[in-house]
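Below is one structure, written out as structure tokens, with a few remarks after it.
The values are calculated or read from the model by the stated rules, or taken from the named source; none is laboratory data. Every value quoted in this text rests on a predicted model; they were computed, and no experiment measured them. Here the Cβ positions follow ideal geometry from the backbone for every residue, glycine too, while neighbour counts run over all protein chains shown.
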Amino acid sequence: MNSILEKNIKALASGVNEPLALKLQNYKKSQRFVLNNKFNIYDKNFETFIYDNDFISEELNCSFDNFLAQTKHYPFICFYGIANALLIKNLTPYYKRIFVFESEIELLHLALSILDLSEELSSGKIHLLDITEEKVNIQFLILFDMKGVFEYLNLFELFPINSYYKKFHNETYQQTLNFALANITLLIRNLHYKLDVLFLVYDNILCNIPTMLENIPFQRLIAQRKNAFDTAIVVSAGPSLTKQLPLLKKYQNKVFIFCADGALNILLKEDIKPDYVTNLDYDDLTLKFYKEQDDRILNILAIGTNHNVAKKISNKIIILRDDPFYKNLGLNDFGYIDTGTHVSHFSYTLALALGFKNIIMIGQDLAYDEKGNSHSESFALGIDYESTANIQKIKCLAYGGEGEVLTHIAWNDYRIKLEYLFACNKEVNFYNATEGGARINFTKEVSFKNACETLLHKEKPKFENLKPLTKNRSAKLIAKFFEKLKQDKQTCENLLNDAKALKEALNNILSKDIILPLEFLQNVYQNISTFNEILNNSAFLEDSIGKALIFNRGFNTSKVLKMHLNDEREHLYQLILAYKEFLTFFIQNLKTKYEIIQKYHYQTN
């Protein structure tokens, strides 16, 4: 292995792209591609050079100019094909990030043997995506959801790096483009989540934190029960659940049962007592699931759970989400976990946090059954609760890998997020014993009977009841929280005042019926850049609301970048207009967040 390739592989293995590093390290060359002394590559299969053999420098220079012109001011650019990597290396000073999709491992091997890209790979300036990698979908979602990338998703284009890829790899290019656009759409859909819902969740959070601090700390659960048993069952309320209940009842003393709130009354009706019930719904509709309660059941609630539900439920733990916003609260005993966006996801992450090595899934259909039902019999909201929902229906691969089933776009998003979760926890065995619904990748499809007979042999242990903090300790933490809320109120006020002052200044500038000189516009935009830095570095904006606001900023900026304006004065003028539009949106929504804080602020006085 030459020293350049070794450095590049080491950079990939440092955590940026370990699967590709291992693949390159173990790769045995097929000799399909041959490198000549001009750094050109000959493809024996198609009997052609990747670049024109006589004019490689001219072609590279022309491509360099064309790509810069097509993506002027873009923060990132995406290529299909690595070629010899010379063009990519030359373009790195002009973009914050370059994403390269490639299907030929030998071309990646050759390119990384020619050029030292180790610094760019280590820093994240260049990202290589092997589109034949099993987990490329997961890698894509991670990379394009990064800070500095997600707000510009509307700029996504996938450029074949040269005519060789257009001519000889067009089918794979189209498949890659479709794959990328599907994931971009998913990310944008999540970022476009209705702000009114996010505000309801935020209101629940502020109301629930004092309740959380008066109940059992999550870390006490972890300390007492982590790694105490190997196997768990996660029960969801899909239409296939009914047929699994007799076997679940038979084995319930030999396995820990994690139950989505919607399946609770279904299990209790069959005299099955789950060990943990999870809930994260922001509205109080889920109160119907808790008509019957049992103190032997431990209720695990997300911090954004509806506050009326949280107050009514007994024997509970409320958990902070695993993201920077909540960690800034400094309430470590009560966090942290990735609750996801649907309740079964929460059950899986809870089981992972408790150290279970085998997780059996039942009722996880994520699809309608053959009768068009969305949920199991005895589901409190009705077996056809989502059957008439006004949401786009689509088809996906069925459980077992044969044929298709009808699902809807939200369920399909949930499925992709579950696949992401399972792929990131490869040391755990996920057994999909749903025996129906949609196929979920990164799981082992088995019959529920086989899973029970193979894995469930010994009685599960019993634990002593967990206790909350002392009243004195709880009171101190509540006081600490309200002090942090006071600080957040001040931060919110400062951001609002700065945003209003900047918007007023932009209004005054843009209202003038004169042609504004370039130097003046540059100074104005420098003020915008200064405010952007404040937003980018604000921990207060690291929650879901903040992310939605920042996405709106990028959305407005992207509309201007897509104009491809060559006149710098006009380009800056349009950017300032777009930023004023963003500020209107920002101020309106930040004011709503401020009003929610203000509602609870009286308790700090």
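Structural remarks
- Number of residues in the range 50-80 that are aromatic (Phe, Trp, Tyr), touching a Phe, Trp or Tyr at 6+ places or on another chain (Cβ under 8 Å) and either more than 27 Å from Glu6 (Cβ to Cβ) or exposed (fewer than 12 other Cβ atoms within 10 Å of the Cβ) (or both) equals 3.
- One residue from Leu245, Leu264, Leu268, Leu195 being surrounded by fewer than 24 Cβ atoms within 10 Å (Cβ to Cβ) and closer than 30 Å to Ser544 by Cα: Leu195
- Between Lys484, Lys462, the distinction of being without any contact (Cβ under 8 Å) to a residue 24 or more places away in the chain and either closer than 18 Å to Ile257 by Cβ or surrounded by 12 or more Cβ atoms within 10 Å (Cβ to Cβ) (or both) belongs to Lys462 only.
- Only one of Ile317, Ile360 that is assigned to a strand (DSSP E or B), surrounded by fewer than 23 Cβ atoms within 10 Å (Cβ to Cβ), assigned by TED's automatic domain parsing to the domain that holds Asn265 and among the hydrophobic types (A, V, I, L, M, F, W, C): Ile317
- Members of the range 117-152 that are of a type in the set (Ser, Thr, Tyr) and either within 11 Å of Phe99 (Cα to Cα) or in contact with a Lys or Arg (Cβ under 8 Å, 6 or more places away or on another chain) (or both): Ser118
- Selection status of Phe585, closer than 30 Å to Cys207 by Cα, part of a helix (DSSP H, G or I) and modelled with pLDDT of 95 or more: yes
- Condition met for Leu421 (under 21 Å from the mean Cα position of the chain (by Cα), under 28 Å from Pro217 (Cα atoms), in contact (Cβ under 8 Å) with a residue 60 or more places away in the chain and not assigned by TED's automatic domain parsing to the domain that holds Asn215): yes
- Considering residues of the range 255-311 that are free of Cβ contacts under 8 Å to residues at least 24 places away in the same chain and assigned to a strand (DSSP E or B) only, the residue nearest to the chain's Cα centre (by Cα): Val277
- Options Leu521, Leu516; residue that is assigned to a helix (DSSP H, G or I), surrounded by 14 or more Cβ atoms within 10 Å (Cβ to Cβ) and touching a residue at least 24 places away in the same chain (Cβ under 8 Å): Leu521
- Some residue of the range 131-148 being surrounded by 21 or more Cβ atoms within 10 Å (Cβ to Cβ) and within 21 Å of Ile41 (Cα to Cα): no
- Residue, farthest from Gly238 (Cα to Cα), within the range 421-444, restricted to residues that are among the small types (Gly, Ala, Ser) and assigned to a loop (DSSP other than H, G, I, E, B): Ala433
- Subset of the range 363-396 that is more than 22 Å from the chain's Cα centre (by Cα) and of a type in the set (A, V, I, L, M, F, W, C) - its residue that is farthest from Phe258 (Cα to Cα): Ala389
- Only one of the numbered conditions (1) crowded, with 21+ Cβ neighbours inside 10 Å; (2) of a type outside the set (Lys, Arg); (3) in contact with a Pro (Cβ under 7 Å, 6 or more places away or on another chain) is not met by Glu214, and that is (1).
- Top-ranked residue in the range 364-417 [being in a loop (DSSP other than H, G, I, E, B) and among the β-branched types (Val, Ile, Thr); ranked as modelled with the lowest pLDDT]: Thr388
- Counted as qualifying within the range 59-154 are the strands (runs of 3 or more DSSP E) with 2 or more residues that are aromatic (Phe, Trp, Tyr) and in contact (Cβ under 8 Å) with a residue 60 or more places away in the chain, namely 76-80.
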